[in-house]
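Student: Sharing a structure here in structure tokens format.
Bear in mind these aren't lab numbers, they're just calculated from the coordinates by the rules spelled out. Just so it is clear, the structure is predicted and the values come from calculations on it, not from any experiment. We place every Cβ from the backbone using ideal geometry, glycine too, and count neighbours over all the protein chains shown.
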Amino acid sequence: MGVSWIGVVGGAGVLALLFAFVATGKINAFKVENDRINELSGIIQKGAMAFLYREYKALVPFVLLVAALLAFKINVPNAVCFVSGALCSALTGYVGMRVATKSNGKTAYGASQGMNSALRIAFTGGSVMGMTVVGVGILGIVGMYVLYGDANVIASFGFGASSIALFARVGGGIYTKAADVGADLVGKVEAGIPEDDPRNPAVIADNVGDNVGDIAGMGADLFESYVNSIIAAMAVGALLFGVAGVAYPLFLAAIGIVASILGTFFVRVKEGGDPQFALRMGLISTGLFMILGAFFVTRWIFDDLTLFWAVVGGVASGVIIGYITEIYTSSSYGSVKEIANASNTGAATNILAGIGVGMKSTGWPVLFICAATLVGVHFGGLYGIACAAVGMLAITGMALSVDAYGPIADNAGGIAEMSGLPHEVRNITDKLDAVGNTTAAIGKGLAIGSAALTALALFVAYAQAVKLDTIDLKDPKVMVGLFIGGLLPFLFSALSIQAVGRAAQKMIDEVRRQFREIPGIMEGTGKPEYERCVDISTAAALREMVIPGLMAVVVPVVVGLILGAEALGGLLGGSIVTGVMMAIFMANAGGAWDNAKKYIEEGHHGGKGTPAHAAAVVGDTVGDPFKDTAGPSLNILIKLMSVVALVLAPLFS
């Protein structure tokens, strides 16, 4: 293969960024002729960007310290790749959130023109995030490969991306859920006012949190999954097939970009139609285009279709896991209705039903992860597993577009409520928001499934780097590593959930204080102090994200240095198994609790203001840190520990 293939792959990255640029232009061109909507959208954008700036500023010392250690202990190229990965991750979060916070008010205003207009704006805003992630990701990898020509060195690019992603996910999750829990428990349950009511002091912090958690956080999450799957496949492929093994995963990623762009044309809905069906068609069509393109590229590079079936296994598993997630988290199916029915007898039965649904939901996704792994091994050995992960994540452009649509629609509903738009407009935004909860769950399902395969691929690359052919379970050090690895997802989740609880307590106290002390707040004549609630969420997020984030980096290094490379392999294996189970359980339980609440709010089981609704709100607040803080952070945890082990492998050999 000639050098020209690098230009073709880079061209796909440029195409993705051009698409994001055009989509941004469409968002900017849509004018909102409502001063109140523009004012609220501006407040949310200002709060979200201020938090992102403070978060990135807090991460600068960490990035510089790790880069210095890499330069001193490994080499300078690894340090350069690490910083580049961190900067690229931060850039995607900045661009995606800036456009998303412009799209929310425009979606609310678009809803006054009908369902299709609102869906088109929200999805277009989300597509900027999706295409920016894949465009910057593939250009970053290509740039580092052109610079250093070594797939193992580029692993540090993934290390940088993973580090930023974990802090962004944990910090953003703590921010958004502290505000959400405080707003719901005091506003809905105690004060009896609607969701997103402007009288609620936490309502602005809640809407800001939707962006920092589900736009910047999710974008950083899938960015690091995307680049790490490609890097792991490049590292394994370089040893087996040389340049062809390096080029193949990059070409798969390039095809995924084209497939995602083509898939956007299938996201259309007629008035009165089902927006969820439209988004599902976009995802399915993207998967089919991806498979078609992989067929021709595999045949061209290898003159053989064996690896093609490994890729098909990855793509198919990703789409199926997304669909299974929808079954467990959408109110169109039985699981959510079961939780809603359990709410009739109180919060305890609601929570028990939600935990049961979440645990049960791990079964099929794990089996399909196993199937993708076995298909990958059968058709391509260890390289096949890595290619299956790339296949699953190649459709990230579309998957993240669908996912980022959700918080935009959620913000649009809040702005519609606070702006006093007509009831029929709120009905449209509510429907888009309910669909957004399901699409967010689908995105989390894809992220978790791909995390398992990516972590396995990184584990294979690590084993190659330290020449680890087998792991001896009779070795006590290996068993210790296995137990520590299995423990970490539980400890990490506990720290994240308790952080949300502490921040939510402060938020609840502040909202209660304002209701009690500000004259006329319930009558609408007194103005809530929104800034106080924003400050509480911001301070808590920046303070509480430090220990969970550092744990993912420090523990693998300590185990590797003290117990050795084989024990570290045990740690990675233990963390992958328990981390994947916990992540699926918490993400799906939280999504199901949320949609059970919305199902009741639509009029079932008595509707809003009933004991069943109050119980469902309690269940939803328990599910909030499950699905938006701890659960989605776990898939970053297992990949970050794997990539740390890979980058620092020379120290453990």
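Student: Between L288 and F490, what's the calculated FRET efficiency when r is the beta-carbon distance and R0 is 35 Å? Round to 0.05.
Tutor: 0.35
Student: Between S4 and M479, what is the label-to-label distance in nm when each label sits 7 Å out along the Cα-to-Cβ direction?
Tutor: Label at S4, label at M479, 6.0 nm between them.
Student: Work out, step by step, the length gained on full extension between E39 and K360: first 0.36 nm times the residue separation, then minus their alpha carbon distance; give nm to one decimal.
Tutor: Roughly 111.1 nm would be gained on extension.
Student: Restrict the search to region 428-495; then list the trypsin sites (Lys or Arg not before Pro) that DSSP places in a loop and that have at most 14 other Cβ atoms within 10 Å of their Cβ.
Tutor: Sites meeting the loop and neighbour criteria: K467, K474.
Student: Another question about this same structure. How high is the FRET efficiency between Y53 and V14 when r is their beta carbon distance and R₀ equals 25 Å, given to the nearest 0.05?
Tutor: 0.35
Student: Let me ask you something else. Quick check on the chain: helices-only [θ] at 222 nm, where DSSP H runs of length 4 and up contribute -39,500 (n - 2.57) each and the sum goes over total residues. Nearest 500, please.
Tutor: -29500 deg cm²/dmol
Student: Same structure again: Place +1 on the Cβ of every Lys and Arg and -1 on the Cβ of every Asp and Glu in the chain, take the dipole about the Cα centre, and give the residue among L488, G282, I164 whose Cα lies farthest towards its positive end.
Tutor: I164
Student: Using the alpha-carbon atoms, what tilt in degrees (0 to 90, nearest 10) does helix 396-418 show relative to the longest principal axis of the chain?
Tutor: That helix lies at roughly 20 degrees to the long axis.
Student: Could you give the nm distance between label points at N427 and R516, where each point is 7 Å from its Cα heading toward the beta carbon?
Tutor: Placing both labels 7 Å beyond Cα along the Cβ direction yields 4.1 nm.
Student: Tell me, what HN-Hα J-couplings in whole Hz come from the Karplus equation 6.51 cos²θ - 1.76 cosθ + 1.60 at θ = phi - 60° for each residue of region 625-634, using x for Gly and Pro?
Tutor: For region 625-634, the Karplus curve yields x, 5, 8, 10, 10, 5, x, x, 6, 5 Hz.
Student: Here is the link list: K73/K177; K26/K360; K360/K598; K102/K598; K73/K467. Which ones come out longer than 31 Å on Cα distance?
Tutor: Cα-Cα > 31 Å for K73/K177; K26/K360; rest within.
Student: With everything on Cα atoms, drop me the angle between helix 76-111 and the longest principal axis of the chain, reported from 0 to 90° to the nearest 10.
Tutor: Approximately 30 degrees, to the nearest 10.
Student: Now a separate question. Please enumerate, by chain and number, the aspartates and glutamates with C-alpha under 13 Å from the C-alpha of K627, excluding those fewer than 8 residues away in the same chain.
Tutor: Output for K627: D180, D210, D214, D594.
Student: With Kirkwood radius over Cα pairs in Å as the read-out, I listed (i) 26.7; (ii) 27.4; (iii) 24.1; which label goes with the value calculated from this structure?
Tutor: Label of the calculated value: (iii).
Student: Run the simple label-point estimate for K506 and S332 please: 7 Å along Cα→C-beta, distance reported in nm.
Tutor: 4.1 nm
Student: Against the longest principal axis of the chain, how steep is helix 243-263, in degrees 0 to 90 to the nearest 10, with axes from Cα atoms?
Tutor: 20 degrees
Student: Where in region 556-579 is the amide nitrogen less than 15 Å from a point lying 7 Å along the Cα-to-Cβ axis of L69?
Tutor: Answer for region 556-579: 556-562.
Student: May I pose another question? Which GluC sites (Glu not before Pro) in region 186-295 pass both tests, a DSSP loop state and at most 13 other beta-carbon atoms within 10 Å?
Tutor: Passing both the DSSP loop test and the Cβ count: E271.
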